[in-house]
1. Apply the a/c threshold of 1.5 to the C-alpha gyration tensor of the stretch 2-63 and tell me whether it is rounded, prolate or oblate.
2. Would you please calculate the Kirkwood hydrodynamic radius of the stretch 182-260 over all C-alpha pairs and express it in Å, rounded to one decimal?
3. In Å, what Rg and Dmax follow from the Cα atoms of the stretch 309-382?
4. Let me test this: with uniform point scatterers at the alpha carbons of the stretch 116-285, what is the Debye-based log₁₀ I(q)/I(0) at q = 0.08, 0.13, 0.16, 0.18 1/Å?
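Just so you know, all these numbers are worked out from the coordinates, no wet-lab data involved. Please read all numbers here as calculations on a predicted model, not as lab measurements.
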Amino acid sequence: MFNVLQQGANVTVVIENGAKTNKPYIMTGGVMYDPRNRFKACGDSKTTLDPMLVIEAEELLEQVKDYTPYIGDTPADMINTLLVDTVAKLAAKDVVEAAKPFIDDFIMETYGRLPQRLEVVTETGTNVVQGITHEKFETVLQLITCDIPVFLTGPAGSGKNVLCKQIAEALGCEFFFSNAVTQEYKLTGFIDANGRFHETQFFKAFTTGGLFMLDEIDASTPEVLVILNAAIANRYFDFPTGRVDAHESFRIVAAGNTYGTGADIEYTGRYQLDAASLDRFAIVEINYSKIVEEAIAGGNKNLLDFVWKFRSAVEKTGIKFVVSYRAIERLHKLEDVLDAGEALQMCLLRSLDLDDMKMIYRNMGMPDGQNAYVTAFGKMVA
């Protein structure tokens, strides 16, 4: 007995009833032909299928090549087959889960942290952001998308500028930047003696749309920030050329090293921001990201372990000292150029006195001999 799989104009594709493997035959004129034996007739090796019918047969066979026949003769056989398949899939999943940490470690040691590829869907289309993003990227993106001004606060060199550029890239808008504003005209622009208006980054963002970043807002004079407050709250601004309504896609991010509470030992020359200024912004803390640092260090575990222990020791001792991404990047670039001691002295330790270095070293808790940077640091303070 045979089951029909495909019916053509001149030939039929059939399979034996109850067959446990996918082995179809070609039937025509009451004769069966085996496609696995050059279309010779079954039981008669001298007779072959007409070459004109072979073309039709091959087309039909192509249509049923993925045919999977029923395996097993009873429901119990079917259940057993299902169980075997399920166990196999679960086993494969366990193998992948067990192997993943080793694969991740191999990739990290060989290539460092691989860049990410994020797709952000906006009203104007899909924008792609490539590279390593901070853990707070999504939070800031959502706030900016909702047209909520954001104040990024965090230590120097923690990637606030890069984060803002990536936000602008994700939104598909232009990025405008200004450092601390100490004079009103640096924000508003001015008209010179010839009657020519000199635009600012803020003016361009406000009138044409885009993401404007005011870096070191806590180093900007409070009087200037009062002007900025009005622009944020009212969505219009009086420039020297006249009043202008904010562009619908105008967005603003401010950044600083303090919470707007004024200068401290670590960050001098900072102003205290008034409550009205702070009330305009959603405050997001941006600390050093291990994900970003892994990418900057190229997966160099010795360098990363040293930096993380060093930074932790600095906090324990109460010494005011910044270990930024820039220091890690420079140390990574010099790892094959200079010995560890010279690189540390040039890129990290140059502003520390010997007593501070000794205190930091004692609080690191890392034995010499296992890490080239620790060993080099130990020799400096010996």
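1. On the way: a/c = 1.63, a/b = 1.17, b/c = 1.39.
Taking the square roots of the gyration eigenvalues as a ≥ b ≥ c, the stretch 2-63 is oblate.
2. Details: mean 1/r = 0.0765 Å⁻¹.
Result for the stretch 182-260, one decimal place: 13.1 Å.
3. So, for the stretch 309-382, Rg and Dmax equal 11.5, 33 Å respectively.
4. -0.24, -0.63, -0.94, -1.15
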